[in-house]
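Notes for the one structure printed next.
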Amino acid sequence: MVELVRLKHAELDTLSQVNKLLHQLTSRAKDCSLELLRAIEESQTVELWLAKEGSEIVGMAELAIVLKPEGIIAQVEDVVVDENQRGKGIGKMLSEKLVERARVRGASSITLSSRSDRTAANAIYQKIGFKRWETNLYQMKL
């Protein structure tokens, strides 16, 4: 049975499993360091949620809370389910948990971006209530 838990104690084994999932999300992912994982764990504005089956992390998703002059908003990041565990509803569970947490944290909206080739993920987001926006997404490498 899969349970969702917030990252509380970043250890080397946790780091290894998180990095494995990151590389399944995108081949361009850089490894997370233990220091960064511990900073995420201690952050007041970031929540990393893990889908665990026993001691194995089979999925993860991150919620970032952004404070703006117009209010609090939330951003979904790095939603990924292990390729051997897909199709079991874990992505939906993680996504719904982040929506719930955004509400608890007082966010007025929650946004995410997802590549168009992630068909299953996009279907989940729409099924739980996200609306697709026509927008330009820009990025600058620093």
Six or more apart or on different chains, Cβ under 7 Å: which pairs go from a residue in the stretch 1-29 that's basic (Lys, Arg) to one that's open to solvent by less than 80 Å² (accessible area, probe 1.4 Å) and part of a helix (DSSP H, G or I)? Could you list them?
-> Lys8/Glu41
What tally of residues in the stretch 99-132 results from selecting those that are touching a residue at least 12 places away in the same chain (Cβ under 8 Å) and open to solvent by 60 Å² or more (accessible area, probe 1.4 Å)?
-> 5
(1) under 23 Å from Arg6 (Cα atoms); (2) at pLDDT below 90; (3) not basic (Lys, Arg): which one isn't true of Gln139, the others all being true?
-> (1)
Residue, nearest to Val58 (Cα to Cα), within the stretch 24-38, restricted to residues that are within 15 Å of the chain's Cα centre (by Cα) and modelled with pLDDT of 95 or more | Gln24
Find the strands (runs of 3 or more DSSP E) located wholly in the stretch 2-98 whose residues include 1 or more that are open to solvent by less than 30 Å² (accessible area, probe 1.4 Å), and list them.
-> 46-53, 56-68, 71-81
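The values are calculated or read from the model by the stated rules, or taken from the named source; none is laboratory data. What you see is a predicted model, and the numbers here were worked out from it, not measured in a lab. Because the Cβ atoms are built from the backbone with ideal geometry, glycine has one as well, and the counts that use them run over all protein chains shown. The protein model used for the area step is the full one, side chains on, heavy atoms only, and it has no ligands, DNA or RNA in it. Shrake-Rupley method; radii C 1.70, N 1.55, O 1.52, S 1.80 Å.
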